[in-house]
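Chemist: If you scroll down you'll find the structure; I have some questions about it.
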Amino acid sequence: MSKTNRKNDILIDFMRGFSILYIVGYWHLLDYTAFYVSQDPWITRLTVIILGLFMLISGYLIGLRRSFLSYTDVFEFYKARFLRIYPPYAISSLLFWATGLGSQLSALKSIALISVFSFSSLRTLWFIAVLVVFYIIAPLMVGLRRYKVVYALFSLGIIVLGLFGNFRLFTFDPRFFLYFFAFCSRIIYC
């Protein structure tokens, strides 16, 4: 590994770690204490930027993968991501319901990974729900990026579907679209 790549890896790990610590250790922790600061517009804007940074990095790291050559590659990708993210997320969803921080229906929708499509995500777990949906479509996006026009149409189609679709069965969480562009732009960048 060259020195430049090592420095980039360290910088990426630092930015990812910083964004996680900020969101978990500052933004959400303060939501559950007496020092509720989420209503400050400057802090809210900073939080949107930091969440966007995390999505940029996630898309970039997934985009570094050249391609998914087989179903086994896709399965291994899902296995690595979901074993690391889904069990704590599902347990957290149940704890939110058990402690009264969320409804039973919201917890079940979160566990079923459909809360993003029903705008019923749990208060601080919505970001994980969005990230998991991004991970679900990531192998398809990596495969499509060779065809720039198809990739752009697919990405635009998702946005149009969510923004202009008024469906009885589902309505996208608007925060999905706030971070979708950051995620998909980094996949194609790589």
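Here, each number is a calculation from the coordinates, and none is a lab measurement. As the structure is a prediction and not an experimental result, all values here were calculated from the model. Quick reminder, even Gly has a Cβ in these numbers, built from the backbone with ideal geometry, and neighbours come from all protein chains shown.
Chemist: If each residue's Cβ is checked for other Cβ atoms within 10 Å, how do ARG65, ARG45 rank with the fewest at the top?
Modeler: Working: ARG65 14, ARG45 10.
So the ranking, lowest neighbour count to highest, is ARG45, ARG65.
Chemist: Let me ask another. Can you run the Rg to Rh ratio on region 3-189? Use alpha carbon positions and the Kirkwood inverse-distance Rh. Walk me through the intermediate numbers first.
Modeler: On the way: Rg = 17.2 Å, Rh = 17.8 Å.
Reported Rg/Rh, Kirkwood definition of Rh: 0.97.
Chemist: Taking 0.36 nm per residue of sequence separation and subtracting the Cα-Cα distance, how much length would be gained by fully extending the chain between ALA90 and PHE18, in nm to one decimal?
Modeler: 23.5 nm
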